[in-house]
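The numbers here are math on the coordinates, done by the rules we state, and not lab data. Because the structure is predicted, anything quoted here is derived from the model rather than measured. Neighbour counts are summed over all protein chains in view; Cβ atoms, including those assigned to glycine, are modelled from backbone coordinates with ideal geometry.
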Amino acid sequence: MNTALIVDLGIIALLVVGIGRFRTPRGARFGNHAAALALVAAIVVVLVRTGVTQPWVVALACAAGSLAGLAMAFRASMTSIPSVVAFQHGMGGVAAVLVSAIELTGAKSATAVGALSGLFGLILGAATFSASLLAAAKLGNYMKQMPTQVRGHNAILAVLLLVVVVLADRYRVATTPMIPVVGIVVVAAVFGALFAARIGGADMPVLISLLNATAGLAAAFCGVTIENRLLIVAGATVASSGSILTIMMCRAMNRSLANIFFGGPIATTSRAAPPPIPSEPARPPAITSREDRVDAVVTAALGARKVVVVPGYGMALAQAQGEVVRLGKLLETRGMEVRYAIHPVAGRMPGHMNVLLAEADVDYEKLLEIDDANTAFPDTDLVLVVGACDVVNPAALEVEGTPLSGMPILMAHQARAIAVCNLDEKPGYSGVANPLYRSERTHMLLGDALQTIIDLRTRIEARSGSAT
């Protein structure tokens, strides 16, 4: 009986079971614990099988890494989660670079497959590291968030890739392997940064998903190099899930991978032909002050049967999710149906809004995906947009040649009344002006979203006689 294989299969099964529970917020908690336990077990098994000669070094490294991870986790806010995730992908790339470099510069791998896998791990790891740091800086507002493109962008990327291939070939015959290995790391890192620089705006969730996949793929190649099947499976699992998510994000945005990562013509139509949207509808002259607009929204809410909330990154910035859910529950006590429409790219990473609402204790059944939400909007009495812009921007459907053109949106403009609780009227992450703000059915409640929601809830309670 192959005991080692049985142990490995048990750890792999626990990891897969944990990942399989990520489909719902309740299941995700168990899934995280199960997957974490599987990874801890894998680390212990590897250490036992390897036979550590200096355990204090391993213990010190584990303690330092654990303390750094805990410090980052406790300091991270919900608004910084996207940049933290991107940074973690980068650290995965660093790990792949270190493992591959040690294997490639020590006694050269005895097999061609091992050496080739080490080179792939080195290239992917370095590119993932630099691309992830750049993505983290964009998502954390430390640098320009919009796409940055240099002249001859694709040609430069092609040349860098060719240089990497040449250096990899030189490693095969080099008497001093350190030189081509260092060269590969430097050039691949430049390639990754330049590759990620062009991505921005509404396409950032796609980049995050791709970096997740490349970090996992680099780890899998490292597993082949050091002949560790647990690392191969863990890396391949991350790579496959990240790839699937990347494809899903592209479909949700009506984009292709080539279009996002290498440029090209932007789609000008969405998957479903929308009804015509008035170009510049006039706002009713009677509603001029913010107080009047708040009262109008309160009146619309009290008379509504169906309410849909559209959350966005601004809700995370204002940390208003708790108050939004409190307002939703208040409306539900009055017999209204309150649901939450989630756009696939709302926020700065896949699932960002889902995590926020789960944290605020929203039932999973109340979350609407884009297709279901768009079916519901024409029969919706009030849409409450909280910190969202691009995902409800009709310009994506009617204006050609913009970063949003062709991207499916939440059709909030089809509802009977819309309340926009945003900080200001400035364009969203894409930089495209939103004609929804000029609709005669839209009430602009500008200012801090948290305070706006509190004002709405307080006035609804006062006018309906409800208790807090």
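Evaluated with a Cβ-only charge set (Lys, Arg +1; Asp, Glu -1), the chain carries a dipole of roughly 580 debye about its Cα centre, given to the nearest 20. Axis of helix 55-75 versus longest Cα principal axis of the chain: the two differ by about 10°, to the nearest ten degrees.
Label-to-label distance for THR50 and VAL186 is 2.9 nm, based on points extended 7 Å past Cα in the beta-carbon direction.
Sketch the reach of a paramagnetic label on ARG75 as a point 7 Å from Cα along Cα-to-Cβ, and name the residues of region 122-150 whose backbone nitrogen lies under 20 Å away. What the label zone holds, given the 20 Å backbone N cut-off, is 132-143. Modelled label positions at ARG229 and ARG290, each set 7 Å beyond Cα in the direction of Cβ, lie 6.4 nm from each other. The alpha-carbon of LYS366 sits under 22 angstrom from the alpha-carbons of these lysines, leaving out residues fewer than 8 places away in its chain: LYS306, LYS329. About its Cα centre, the dipole of region 290-464 is roughly 320 debye, where the only charges are +1 on Lys and Arg Cβ and -1 on Asp and Glu Cβ.
Relative to the current alpha-carbon distance between GLU365 and LEU116, full extension at 0.36 nm per residue lengthens the span by 84.9 nm. Distance from the alpha carbon centroid of region 82-139 to that of region 331-371 works out to 36 angstrom. Ranked by the mean number of other Cβ atoms within 10 Å per residue, highest first, peptides 171-179, 331-339, 439-447, 213-221 order as 213-221, 439-447, 331-339, 171-179. Put a plus charge on the Cβ of each Lys and Arg, a minus charge on the Cβ of each Asp and Glu, and nothing anywhere else: the dipole of region 78-262 about its Cα centre is then about 320 debye. Modelled spin labels at LYS426 and VAL58, positioned 7 Å past Cα toward Cβ, are 5.1 nm from each other. Given their separation in residues at 0.36 nm each and the Cα-Cα distance between them, THR24 and ILE102 gain 24.1 nm when the chain is fully extended. Note on the chain: helix-only mean residue ellipticity at 222 nm, from DSSP H runs of 4+ residues weighted -39500 (n - 2.57) and normalised by residue number, equals -20000 deg cm²/dmol. When peptides 204-210, 70-76, 295-301 are ranked by their average number of other Cβ atoms within 10 Å per residue, the highest-first order is 204-210, 295-301, 70-76.
Ranking GLN88, GLN145, ALA188 by Cα position along the charge dipole of region 72-228, where only Lys, Arg, Asp and Glu carry charges on their C-beta atoms, puts GLN145 farthest toward the positive end.
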